[in-house]
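Here is the structure we will look at, set down as structure tokens.
The values are calculated or read from the model by the stated rules, or taken from the named source; none is laboratory data. Predicted model, so just to flag it, every value in this text is computed and none were measured. Virtual Cβ from ideal backbone geometry, glycine too; neighbours counted across all protein chains shown. Calculation scope for accessible area: heavy atoms of the full protein, side chains included, ligands and nucleic acids excluded. Shrake-Rupley method; radii C 1.70, N 1.55, O 1.52, S 1.80 Å.
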Amino acid sequence: MKKLNLLGFFLLSCFIASAQESTIKSSVRNVETKVDSVLALMTLEEKVGQLVQYNGSWDLTGPASEMNSKEKEENLKNGKVGAMLNVLSVEATAEAQRLVMENSRLKIPLMFGYDVIHGYTTIFPVPLAETASWDLEAMRKSAEIAALESAANGVNWTFSPMIDVSRDARWGRIMEGSGEDTYLTAKVAVAKVEGYQGNDLANSRSIAATAKHFAGYGFGEAGRDYNTVHIGENELHNTILPPFKAAAEAGVATFMNAFNDIDGTPATGHKILQRDILKRDWDWDGFVVSDWGSIPEMIPHGFAKDKMQAAEIALNAGSDMDMEGGAYESSLVELVENEKVSLDYIDDAVKRVLRVKFKLGLFDDPYLYANPALLEQISFEDHKELARDVAKKSIVLLKNEGDLLPLKDEVKNIAVIGPLADDKDTPIGNWRAQGEANSAVSLLEGLKNNAGKNVNITYAKGADLGVGERSFLMPLEINKTDKSGFEEAINTASKADMVIMALGEDAFQTGEGRSQVNIGLAGVQQELLEEIYKVNQNIVLVLINGRPLEITWASENIPAIVEAWQLGSESGNAIADVLLGNYNPSGKLPVSFPRAVGQEPLYYNQKSTGRPSNPEHVTYSGYTDEKKDALYPFGFGLSYTNFEYSDLQLSSEEMNPDGNSQASITLKNTGDVEGKEIVQLYLRDLVASTTRPVIELKGFEAVNLAPGASKTVTFEINEEMLQFYTANRKWESEAGEFEVFIGGNSRDLQKVKFSLKK
Ligand code: NOJ
């Protein structure tokens, strides 16, 4: 035994000594051998230690354990911890790493995780907003920058991307994902993984990514966070799993499971999801971290009677690492000794963790991500430029009656009004990592920075949106009574040629635990809008928000509406780019905007039902007091120019399984300015072994056109695109008729038909 240990120490020190990055790259090739040789040295206690993650107490993102920091420190020294989260800065991470490297027997380096969701210091648009750009390269790039800024601060693992498809605007975390569509979310998932992880995880500028939350978390009943999920196998496979599969195939280093239960089984204890689908069927070799405390949360779920049983269920189900739950550290050794958990399962989990650590280069240099020089090399100005670029691309023009926008030269007096108009904090959004409070360019500042000197800009807040303190964990109190600023705002508006009103949501109205039953303009905002409208109808409504809002009154009365989300550090400049016409808006909604909150969950790719259309009487699938479709549908977004679609054609109306068909359409810019259009391809399987959505996104292409120019846009349709999870419980296509739709949003589409022969 002693001999073996000595040999092991020799091997380990060899790994640590080879600190050059070129060596690191070559070491990745031999990861498996190295993982095995480290595993062979480990005691059961040390193995369990690798499966434990502690919060660093610096930045709480959940209810922390009762363990004090002295105990945590001792456990770090004794090799009882494999990873930490929320330990920030090069100094702090180096200090924690040193505790392990200088004291523990095997000196297995720690990983440091953090919620880097839309930037670390430089803040990009919240993920829902960024998805509205449909610009995968821009999204890859923003992840690359977030990775660099994280790595330069000691963080080598982000809990991102969140790729939970969500169709419910009531759910506060809808801001954190890519919206309601499976295909688009899968594309973003891959772009994000590539951005965070780069070509080589061991490069000190890239960090490990996490595909979360596995799975179904976006389908919480009634939009309530952490709530029960009722989805069947069909929905799970067709709607929820594809983005996760895409992330796994893109080589995402880790997965995070979820708080919710699915059809009676908590995701954390879900063996079919984690062990069978993810690890066996998809052959994925990374590790699964639990969500914060989700292992012991199986006790209140009524799925485990105590921590011991929770640990047994979770490990056996394939949850590899316990985030701040305290269940693995207290129970796993005993569970193995009592043969409730097999050593094989423990070994598999430990190997997964070690594998990621090797790939990250940590065995070669545990302090690879503790390099203060890297921070010095960063040009935050360049990062801001990129943040502005993706922010302007994320803006969606919802309405522009009478071409009110872009602002014309005749407009000399602009009144900027609203609680969010000069708010430098809300655009930073929730899940802001180390984005500094009040560091965004406000809309007012953006306009002043970018409008010409001849424009006179006046400002009146009108009202506060929130009152009191705002923080990540506390509910936000909305101002529902104080209208003392109305009078000044009304006066200001009445003297202006045009009013720009900034209304929407506070940064802390969306995010974790921030579900709402009302999704209109909160507090006194709607009233303020209507009062201003009485004195000046020339209003551009700029929405600053993290979820789809109910804005039916505004859509009927206000001439111009700009969806500007929470756009991050450069928000105001990006909005000004669009309002002033320096950028022609090109964003398209990644999520449907409802007419009324009662329509939620609302999504374009619904099933037909047996009674789909509106007959003379009420017995059809709709509402008696409201239309059933969206106010603004998925894929919708206007431009300052107009695009005309014509001549949709298919190269062949019959397709063989190994063949393909080209669908082409002519797109023409019929307006006066250059513009970018996101051309969207949808398919429908008309009759199948399970019911299928009325349409499903299957492709898109961004096309830039000069005024008067046209282009033929061609999409290839192949058999793989027709596959779905069939009644045979596998992914396959079925012979029969299909419809092909192409257009500029999910509602205005041209259609042709073809059939798949088998
Ligand atoms: C709970 C959230 O659900 C998860 O997304 C996050 O990564 C962890 N807390 C860590 O903060």
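For Cα pairs less than 8 Å apart in space and 6+ apart in sequence, what is the mean separation divided by the residue count of region 284-415, i.e. the relative contact order in percent? Relative contact order, region 284-415: 20 percent.
Estimated at 0.36 nm per residue, the fully extended path between residue 343 and residue 751 surpasses their Cα-Cα distance by 141.2 nm.
For the chain, the longest principal axis of the Cα atoms and the long axis of helix 327-337 meet at an angle of about 40 degrees. Put a dot 7 Å past the Cα of residue 618, heading toward its Cβ, do the same for residue 670, and the two dots end up 4.1 nm apart.
Using Cβ point charges alone (K and R +1, D and E -1), the dipole size of the chain about the Cα centre works out to roughly 820 debye. Derived scalar couplings between HN and Hα for region 160-168 equal 7, x, 7, 10, 7, 4, 9, 10, 10 Hz in order, rounded to whole Hz, by the Karplus curve 6.51 cos²θ - 1.76 cosθ + 1.60 (θ = phi - 60°), x for Gly and Pro.
Would you mind computing the Rg to Rh ratio of region 346-472 from its alpha-carbon coordinates, Kirkwood style for Rh?
Taking Rh as the inverse mean 1/r over Cα pairs, Rg/Rh reads 1.16.
Surface composition of region 643-756: carbon and sulfur make up 40 percent of the accessible area, probe 1.4 Å. Packing-based ranking of 506-512, 495-501, 278-284, 333-339 yields 506-512, 495-501, 278-284, 333-339, ordered from highest to lowest mean Cβ neighbour count within 10 Å.
Taken one residue at a time, the phi angles of region 139-149 give Karplus couplings (6.51, -1.76, 1.60, θ = phi - 60°) of 6, 4, 5, 5, 5, 5, 5, 4, 5, 4, 5 Hz. Gly and Pro are set to x. Once you order the gyration tensor axes a ≥ b ≥ c over the Cα atoms, which shape class does region 393-599 get: rounded for a/c under 1.5, otherwise prolate or oblate by comparing a/b with b/c? Rounded. Per the Debye formula on identical point scatterers at the alpha carbon atoms of the chain, with no solvent, log10 I(q)/I(0) at q = 0.05, 0.10, 0.11, 0.12 Å⁻¹ is -0.26, -1.02, -1.20, -1.37.
Given a Förster distance of 22 angstrom, what is the FRET efficiency for residue 480 paired with residue 557, based on the Cβ-Cβ distance and rounded to 0.05? Mind showing how you got there, number by number?
On the way: r = 22 Å, r/R0 = 1.01.
Once the sixth-power term is evaluated, E becomes 0.50.
Measuring between their Cα centroids, region 458-485 and region 549-616 lie 24 Å from each other. Counting only alpha carbon atoms, the long axis of helix 380-394 and the longest principal axis of the chain meet at about 50°.
Annotation for residue 37 and residue 706: the two label points, set 7 Å from Cα along the Cα-Cβ direction, are 6.3 nm apart. Between region 674-690 and region 326-345, the C-alpha centres lie 49 angstrom from each other. Modelled spin-label separation between residue 686 and residue 488, with each label point placed 7 Å from Cα along the Cα-to-Cβ direction: 6.4 nm. What is the helix-to-structure angle for 90-103, meaning the angle in degrees between its Cα long axis and the longest Cα principal axis of the chain, kept from 0 to 90 and rounded to the nearest 10? Once rounded, the angle reads 20 degrees. Beta bridges from DSSP with both residues in region 643-756: antiparallel share about 95 percent, rounded to the nearest 5.
Near residue 208, the amide H atoms lying under 5 Å from its own belong to 157, 158; only residues 5 or more places off or on other chains count, and H is placed 1.01 Å from N. When peptides 219-228, 185-194 are ranked by their average number of other Cβ atoms within 10 Å per residue, the highest-first order is 185-194, 219-228. Think of a 1.4 Å ball rolled over the protein heavy atoms: the chain then has 38 Å² of accessible area per residue.
Near the amide H of residue 459, within less than 5 Å, lie the amide hydrogens of 416, all on another chain or at least 5 residues away, with H placed in the peptide plane. Among the listed pairs 628/676; 34/107; 607/698; 676/698; 279/351; 212/245, give every one whose C-alpha distance is greater than 22 Å. Cα-Cα > 22 Å for 628/676; rest within. Once backbone amide H atoms are built at 1.01 Å from N, residue 288 has 255, 320, 321 as its partners under 5 Å, excluding neighbours fewer than 5 places away on the same chain.
Per-residue ellipticity at 222 nm from helix content only, as computed over the chain with -39500 (n - 2.57) for each DSSP H run of at least four residues, stands at -8500 deg cm²/dmol. Karplus-based coupling profile of region 545-560, in residue order and whole Hz: 6, x, 9, x, 10, 8, 10, 4, 4, 4, 5, 8, 10, 8, x, 10, with θ = phi - 60° in 6.51 cos²θ - 1.76 cosθ + 1.60 and x standing for Gly or Pro. When a 1.4 Å probe is rolled over the protein heavy atoms, the share of accessible surface on region 375-441 that falls to carbon and sulfur comes to 43 percent.
Go through 46-55, 546-555 and give me the packing order, highest mean Cβ count within 10 Å leading. Before the final figure, lay out the partial values.
On the way: 46-55: 25.6, 546-555: 22.8.
Ranked from most to least packed, the peptides come out as 46-55, 546-555.
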